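Asks: Take a look at this one; I'll ask things after.
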Amino acid sequence: MGKVRVPFDIACAKAISKQNFSSDAPSDEKYERELVRKAIRYVVNQELTPKQRQYVVMYYGERLSMPQIAERCGVSKSTVSRTVLRARKNIAERLKLYIKLRTKN
């Protein structure tokens, strides 16, 4: 049986904010960018479906075009495009929660 996905909520946002960060770190722009990068990695690894994760890694990580991904995976370019779009929406929704939580503290 596959991995059970837990919905992203405030508890997950808190887990992201505590993960791999020290509370006494400087609060400059570089540090904030690193926090966002780590939050994105967390969301990609923990919250996306396997297909979303695969296509996002291929598109943004490996810098493949959507037609190249489609060819490698044996699906249409439209399928890749829709899946990457859904993944981006999922990432954005979860990061909004994370950022909202970070700005409250």
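Asks: Residues that are modelled with pLDDT under 90: find the helices (runs of 4 or more DSSP H) completely inside the stretch 33-105 holding 1 or more of those. Outline the logic, then answer.
Replies: On the way: elements: 50-56, 66-73, 77-104.
In the stretch 33-105, the matching helices (runs of 4 or more DSSP H) lie at 77-104.
Asks: Out of everything in the stretch 39-77 that is of a type in the set (Gly, Ala, Ser) and on the phi < 0 side of the Ramachandran plot, what residue ends up being surrounded by the fewest Cβ atoms within 10 Å (Cβ to Cβ)? Walk me through it before giving the result.
Replies: Filtering the stretch 39-77 down to residues of a type in the set (Gly, Ala, Ser) leaves 39, 61, 65, 70, 74, 76.
Retained after the next criterion (residues that are on the phi < 0 side of the Ramachandran plot): 39, 61, 65, 70, 76.
Working: ALA39: 21, GLY61: 9, SER65: 12, ALA70: 18, SER76: 12.
Looking at residues that are of a type in the set (Gly, Ala, Ser) and on the phi < 0 side of the Ramachandran plot, I get GLY61.
The values are calculated or read from the model by the stated rules, or taken from the named source; none is laboratory data. Note that the coordinates shown come from a computational prediction; the quantities given were computed from them, not determined experimentally. Because the Cβ atoms are built from the backbone with ideal geometry, glycine has one as well, and the counts that use them run over all protein chains shown.
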